[in-house]
Amino acid sequence: MISDIIAIIRDYWLLLLIGQYPNGPLGGLAATLLLSILAIAFAFPVSIALALARLSNSPFLNWPVTALVYFTRGVPLLMLILWGYFLVPLVTGANVPSFLTMLVTLVVYQGAFLSEVVRGGIVALGHGQMEASRALGHSYLGAMRYVILPQALYNVIPSIISVFVATIKDTTLGYVINVPDLTFAASQINNQLLTQPFQVFFILAAVYYVICWSLSRVAIVTERRITRKRAGTASQATAKSLKLAALTDQPS
Amino acid sequence: MNTIAPSKNSPMIALTGVHKSYGNYEVLKGIDAEVARGEVVVICGPSGSGKSTLIRTVNRLEEIGSGSISCDGNNIHQPMPAKELNRLRSRIGFVFQSFNLFPHLSAIDNIAMSPMRVKGLQRDVAYAKATKLLERVGLADKANAFPAQLSGGQQQRVAIARALAMEPPVMLFDEPTSALDPEMVGEVLSVMKGLAADGMTMMCVTHEMGFARDVADRVWFIDQGQIVESARPEDFFSRPQTQRAQRFLSELRH
């Protein structure tokens, strides 16, 4: 059993790592990581923009974004991926690489989910902080940037990480539109071996677990560092960060 | 209206026919009053009388239904670009009942942030000024403490320093000591007394009648959305003219 897994890794490590590259597109773990990082890097700022738009009094900003959030919440991600894959070339006539289709779909989908997390963090702060900022002469966006978001985003770090982890896991769905990621590589191997699906997909599960667990660790360390920075003196910081860590440590 | 040059004799704050309603409920029923330059006005009255709403209309944290409010020669409630309103607000200091310090910033960062971000002050200038203000409110040793590490009285003194950092010609206080433990009220009031002695124009909603007696130039007694009495404190406390004020004062003494 374990020897089978070791043998698979020994024979196929390069395919699992970078796919067919350089003879084909970059794939395997490299593609999974690239897709995850890009999706998260774009979805995060998009989510803040969407959250601010939903909080806006202007119906031109508020309504379309509210509709988008309800739509993405109500439709399975797989539907969105397939629509993007089949509809975009039909409508635009352009030949969009599946990697790009997957990236944009993930950014829209997770951006919409994350925007609700961010909005929740902002609303939970209450009016006092915004009023105090406005009374000092800050503009609405200035108050958001320097006062509201630094607190709101910090408070929702655990939920943000959950969405980030979900984003990484959702990159596996790229498999259905032939994004050559880690899952795709694993199923190629499985198709060649035919007799060892458990071993092949065990490797897949282990790799995803390590990636998601690492992200959770990074989040906890970041959160503690911010807590320490904000708590001032060292003794207080330890007490506070320990308490917070206990509150926010998540099973990864 | 916006361009009237403020002269020494013009009032710092002038309220003319100010009305405000929440739905059918009329909170302010026509307020006409003036605060002279350097004057300290204490606003008192029973809860729900509209005192907090009134003071919040002066820097337009609350909109008004009709009437006008001018502060330092500027018509606060006329239509204007957001930038202009931000500039006007930065010239009106406001102190909240609940302090509203920024919990993610240290005391000195709380004070120095807005002069840097709103007025574009250099970092070293802003921090030198913030240090002076912390000394002025007696908290020089707490510069790097975070709001959560300060007592209520200390937080409110930082909040006053934060408002002063914008160098406003007028300060508004909305029940600044109501959220404090009794033993901390004194330290906040003494900072406010110091401000008054320095000639700051102040409007202050408070239940601290001792402060009103000692520091105020004038007391406005508000009831049911109207200024029922406006008098010098010694007259107001010893010879209230209306029954409503008499009842209010006798209830305070119990």
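The values are calculated or read from the model by the stated rules, or taken from the named source; none is laboratory data. Predicted model only: the values in this text are computed from it and were never measured. Backbone-built Cβ (ideal geometry, glycine too); neighbour counts: all protein chains shown. Surface accessibility is based on the protein's heavy atoms, side chains included, excluding ligands, DNA and RNA. Shrake-Rupley method; radii C 1.70, N 1.55, O 1.52, S 1.80 Å.
A Gaussian network model of chain B, with springs between Cα atoms under 10 Å, assigns the largest mean-square fluctuation among B:242, B:57, B:177 to B:242. Averaged over the residues of B:113-119, the number of partner chain Cβ atoms lying within 10 Å of the residue Cβ comes to 5. Build a GNM of chain B with springs between Cα atoms under 10 Å apart, and of B:35, B:215, B:125 the one that fluctuates most is B:125. Along the positive direction of the dipole of chain A (beta-carbon charges: Lys, Arg +1; Asp, Glu -1; about the Cα centre), which of A:118, A:75, A:166 reaches farthest? Ranked along the dipole, the leading option is A:118.
Relative contact order for chain B: what is it in percent, counting Cα pairs under 8 Å that are at least 6 residues apart? Please report the intermediate quantities before stating the final value.
Numbers: 466 pairs, mean separation 65.5, N = 254.
That works out to 26 percent.
Could you let me know the centre-to-centre spacing of the stretch B:92-127 and the stretch B:211-241, using Cα atoms, in angstrom? So the separation of the two Cα centres works out to 33 Å. When the solvent-accessible area of the protein assembly as shown is split by element, carbon and sulfur atoms take up 59 percent of it, the probe being 1.4 Å. Its DSSP H runs of at least 4 residues, each contributing -39,500 (n - 2.57), put the calculated 222 nm mean residue ellipticity of chain A at -26500 deg cm²/dmol, to the nearest 500. Look at where the Cα atoms of the stretch A:14-33 and of the stretch A:65-93 average out, and the two centres are 27 Å apart.
Across the residues of A:178-187, average count of Cβ atoms on other protein chains within 10 Å? Don't skip to the end; give the middle numbers.
Numbers: counts 0, 0, 0, 0, 0, 0, 0, 0, 0, 0.
Across the residues of A:178-187, the mean count of other-chain Cβ atoms within 10 Å is 0.
Taking Rh as the Kirkwood radius, which is the inverse of the mean 1/r over Cα pairs, what is the Rg/Rh value for chain A? When Rh is taken as the Kirkwood radius, the ratio is 1.05.
Over the stretch A:2-248, what is the relative contact order in whole percent, taking alpha-carbon pairs under 8 Å and six or more residues apart?
Working: 239 pairs, mean separation 60.1, N = 247.
Result for the stretch A:2-248 is 24 percent.
Could you tell me which of A:209, A:85, A:97 has its Cα farthest along the dipole of the stretch A:2-248 towards the positive end, charges placed at Cβ (Lys, Arg +1; Asp, Glu -1), taken about the Cα centre? So the residue furthest toward the plus end is A:209.
With springs connecting C-alpha atoms under 10 Å apart, model chain A as a Gaussian network and identify which of A:174, A:137, A:111 has the largest mean-square fluctuation. Maximum fluctuation in the GNM of chain A, among the listed residues, is at A:137. The distance between label points at residue A:82 and residue A:176 comes to 0.5 nm (points 7 Å beyond Cα on the Cα→Cβ vector). On association of chains B and A, roughly 1900 Å² of accessible area becomes buried (total for both chains; probe 1.4 Å). Across peptide B:163-172, the average count of Cβ atoms from other chains found within 10 Å of a residue's Cβ is 1.
Test of understanding: express the Cα radius of gyration of the protein assembly as shown as a ratio to 2.2 N^0.38 Å, with N the residue count. Numbers along the way, then the final one.
Working: Rg = 30.2 Å, N = 506, 2.2 N^0.38 = 23.4 Å.
In units of the globular-protein estimate, the protein assembly as shown measures up at 1.29.
Only alpha carbons enter this Debye calculation for chain B, each as an equal point scatterer, and the log10 of I(q)/I(0) it gives at q = 0.12, 0.16, 0.17 Å⁻¹ is -0.71, -1.24, -1.36. Taking all protein chains into account, the per residue accessible area for the stretch A:2-248 stands at 51 Å² (1.4 Å probe).
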